[in-house]
Structure formats: structure tokens, C-alpha cells
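Beneath this line is the structure, given in C-alpha cells, with notes to follow.
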Amino acid sequence: MAVRNSIGMIELSSIGAGFQVTDAMLKAADVELLLARTICSGKYMVLVRGDVAAVESAVGAGVTSGDFSVIDKFLIPNVHESVFPAISGLTKVEHLEALGIIESFSVASLIEGADAMAKTANIRLIEVRLAMALGGKAFATCTGAVAAVSSAVDAGARAIGRKGMLVNKVVIPHPRPELLSEMI
């Protein structure tokens, strides 16, 4: 059985194109549809999972189908396992050590940044929030030791910055406990 630890995403400026791209991606390869939905400011995102070759084929077919509507895309061959619970909002954090935040203009680049954060340092991803009630932006939060959070935030910001989508990066060394209740 093939290892299905790769993910691919396409972010589109058109909702109609989003449905078309989703169909094209699912027809192109044996991939699992993780998310296909509208996001703020009238955009659409499609996220699939599968083995590297299948995800690569699906993203390629989706980009071709989406044409000028494609805003951003990615393929992550070996996604960090902590990314999925953070996207789903299932990560439970009882105490904040240092708090790190990266913020992006695109959902796709933010997920790439969150994956880079998780792979760079011993941190805990708290949340990956994807463009809902954010004007189309996205952000990820993490916690851990100050040095680890700083390294992770820098790595995430670099990944987002390569696409010119970085809004901001923040490290708060000793956050007040009230911030945790604002994040949940």
C-alpha cells in the first residue's frame, strides 16, 4: 500500500473554478479530498492527500484546469503529522511557553509555513487558521521554548516569504496566560 503522507493544495480566486479544479484533481489521480470549500474574500481552496506521485498529478491537473484563477498552490511531499490536528483545531494546549505567530496573504503559503515551523524546531503547533473571517489571510500559532519558537517562526516566515505572501511574524517570549483563552 502506498504511503499517503503528501498533501497538495490549490487556492483559487473563483468559486466556480474551485469546483472545476476539485473535479479535475480527483479524476487525475488516486487522492483523498481533505478540504474543498469557499474561504474569505470569495476564494476557494482544495486540499488533497496521497502518495507523492498522485498528489503531484492531481495538483498539475488542477492548475491546468484552474488556469488564470489559481492564486497559489503547493505540494508537500512529507507533511509533518502535527499540521492536520492544527488545521482541524484539535490541538489542546494547557500552558503557553513562548508564543509564535506567522501570518500570510494566502492559505497555501501559510500551510507550507506551518509545515516548515513544525519540521524546524521542537515546538507545538497550536492552530492553523485558514482564511475564515480573516479577509482571505491565514495564520498559524505555536508554542515552545523561546529559542525553538524563534527558529520555527523564522523558518515559517521564510517559506511564506519565498512566495511574497508574508504579512507578519511575531514571537512573544512570556505571553500573558489570558492570550491562551483568546486563542481557543
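The values are calculated or read from the model by the stated rules, or taken from the named source; none is laboratory data. In this text the structure is predicted, and so the values were computed from the model without any measurement. All Cβ positions, glycine included, derive from the backbone under ideal geometry; neighbour counts span all protein chains shown.
The table below lists the values:
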| read-out | value |
| --- | --- |
| Any hit, the stretch 60-79, residues being β-branched (Val, Ile, Thr) and under 30 Å from Glu182 (Cα atoms) | yes |
| Residue match in the stretch 82-102 (condition: acidic (Asp, Glu) and under 22 Å from Ala36 (Cα atoms)) | no |
| Where a residue in the stretch 164-184 is basic (Lys, Arg) and its partner, wherever it lies, is surrounded by 15 or more Cβ atoms within 10 Å (Cβ to Cβ) and assigned to a helix (DSSP H, G or I), with Cβ under 6 Å and at least six apart | Lys169/Val153; Lys169/Ala157 |
| Given (1) at positive phi; (2) in contact with a Lys or Arg (Cβ under 8 Å, 6 or more places away or on another chain); (3) acidic (Asp, Glu), number of the condition Asp67 does not satisfy | (2) |
| Options Ala108, Ala17: the member that is among the aliphatic types (A, V, I, L, M) and not assigned by TED's automatic domain parsing to the domain that holds Gly156 | Ala17 |
| Subset of the stretch 85-113 (residues that are crowded, with 24+ Cβ neighbours inside 10 Å and either in a loop (DSSP other than H, G, I, E, B) or polar (S, T, N, Q) (or both)) | Ser104, Ser106, Ser109 |
| Search result, residues across the stretch 58-72 that are at pLDDT below 95 and assigned to a strand (DSSP E or B) | Ile71, Asp72 |
| Among (1) part of a helix (DSSP H, G or I); (2) touching a Phe, Trp or Tyr at 6+ places or on another chain (Cβ under 6 Å); (3) surrounded by fewer than 24 Cβ atoms within 10 Å (Cβ to Cβ), the one test that Ser151 misses | (2) |
| Residue under evaluation Val63, criteria (1) more than 25 Å from Leu125 (Cβ to Cβ); (2) assigned by TED's automatic domain parsing to the domain that holds Phe139, criterion not met | (2) |
| For Lys92: the one exception among (1) out of contact with any strand residue (DSSP E or B) (no Cβ under 8 Å at 6 or more places or on another chain); (2) not assigned by TED's automatic domain parsing to the domain that holds Glu178 | (2) |
| Some residue of the stretch 120-142 being touching a Gly at 6+ places or on another chain (Cβ under 9 Å), among the hydroxyl-bearing types (Ser, Thr, Tyr), within 25 Å of Asp51 (Cα to Cα) and not assigned by TED's automatic domain parsing to the domain that holds Val55 | yes |
| Within the stretch 156-184, tally of residues that are in a helix (DSSP H, G or I) and under 25 Å from Glu94 (Cα atoms) | 7 |
| Residue tally, condition more than 16 Å from Asp72 (Cβ to Cβ), of a type in the set (Asp, Glu) and surrounded by 21 or more Cβ atoms within 10 Å (Cβ to Cβ), over the stretch 1-55 | 0 |
